[in-house]
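The values are calculated or read from the model by the stated rules, or taken from the named source; none is laboratory data. This structure is a prediction, so every number in the text was calculated from the model and none was measured. All Cβ positions, glycine included, derive from the backbone under ideal geometry; neighbour counts span all protein chains shown.
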Amino acid sequence: MSRNEGRFSAAEGSPTPEDEGTSAVAASAAGSQFNWALPTEFVELPSKGKYYPPGHPLHNQATVEIKYMTAKEEDILTDRALLKKGIAIDRVLENLIVNKAIKLDDLLVGDKNAILVKARTTGYGSSYDTRVICPNCLTPCEHSFDLEELGHIDFEQSLEDDEVELTESNTFRVTLPMSKVTIECRMLTGGDESSIAKKALRNDRKNEASTTLTTQLGMLIVSINDNTDKFTKAKFIAAMPARDSRYLRGILEKVTPNIDMTQDFECEHCGEQAVLEVPLNTDFFWPK
C-alpha cells in the first residue's frame, strides 16, 4: 500500500505560464515549483511486529514504510567498492527505510527479505525474468516470476501445529527427537545473517572447512535444558545427532516469520510442473 496521492502535483498556489503571460523560460522556472517528494510504500512485515522487544521501533508494528528506489540507489548498486565488500544491497535498504531508528542488523531475517522484495518491485517492477534449471530435465530455461504474488509463511499456524512453546522473551522451545534435549532458540536477525556469511567467506578464503551450519546453530540456540553456558552449548552442537539438527532446522524454517519465496513453474522443454524458489541471483537487482 502507498500514500502517494498528490506527490507529483504542482505546489498549491503556484502560478502557471498562462496566468503570468510568461515566456518559455519563465514557464520552466514555474515548473521548478512542482512538488517532487519521493513516493513511499508500506511493506507488510511477515513477523507482524512480533518477536521485537518493547522499545524497538517495530514492536507490534505490522508494516514499515520505505521510499521508492531512485537513481541514487542504482549508483549504490553499481559501486564496485560496496559490491566487493558485499554490502551494496544493505546500503540500499538502509537508504530506503524511512524511519532511521530502524537498524538493518536488528531486523528479523524474514522482515528484511520482505523489504528487499518490495524495494526491487518499486525499482524495476514485479516481473522478475531470470534463468532457472528444470528439476526434471536439468535444462536451463528463462522463467518469469511475479513478485507481487509472493505471500507470507503462516508461522503462527506452524507454532500451533508443531506444538512449539513460545516464551515471554520472544524465544521458542522444542524437544529434539533423538537426544530428547529441550532446546531454547531465538529468531535470527539480519546482523546474524551477515555474520554467518562473513565467517563463511573467511573460511573459503583460507581454504578451511565450512562451519556455516554449526555457526548458525550457535547463534540460534539460547539454552540447552535451560543451561545457558557457552561451553556446554558448543559441546552439544558439536555432538548433536544429524537427525536432531535436521529436525531443528525444519522447525525453524516453519516457525520463522518470512516471505514465501516459492512459485509454480512449468518447463518449456519437458513440460514438468514444479514449485521453485525464486532465485536471488544477479538479475534480481541488476535486470537486463
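When residues in the range 178-207 are screened for being hydroxyl-bearing (S, T, Y) and part of a strand (DSSP E or B), 2 of them pass. For the residues N136, N99, the requirement of being at pLDDT 95 or above, in the same structural domain as C267 (by TED's automatic domain parsing) and either on the phi > 0 side of the Ramachandran plot or not in a strand (DSSP E or B) (or both) singles out N99. Quick check on my filter: what residues within the range 32-75 are aliphatic (A, V, I, L, M) and over 18 Å from the mean Cα position of the chain (by Cα)? Those that are aliphatic (A, V, I, L, M) and over 18 Å from the mean Cα position of the chain (by Cα): A37, L38, A71. Scanning the range 41-66 for residues that are buried (at least 18 other Cβ atoms within 10 Å of the Cβ), without any contact (Cβ under 8 Å) to a residue 60 or more places away in the chain and under 15 Å from V117 (Cα atoms) yields a total of 2.
Here N113 fulfils each of the conditions (1) out of contact with any strand residue (DSSP E or B) (no Cβ under 6 Å at 6 or more places or on another chain); (2) assigned to a helix (DSSP H, G or I) apart from (1). Taking D75, is it over 25 Å from R186 (Cα atoms) and of a type outside the set (S, T, N, Q)? Yes; evaluated as a whole, the condition is true for this residue.
Condition check: modelled with pLDDT under 95, surrounded by 14 or more Cβ atoms within 10 Å (Cβ to Cβ) and not in a strand (DSSP E or B). Does S14 satisfy that?
Here the answer is yes, as S14 does meet what is asked.
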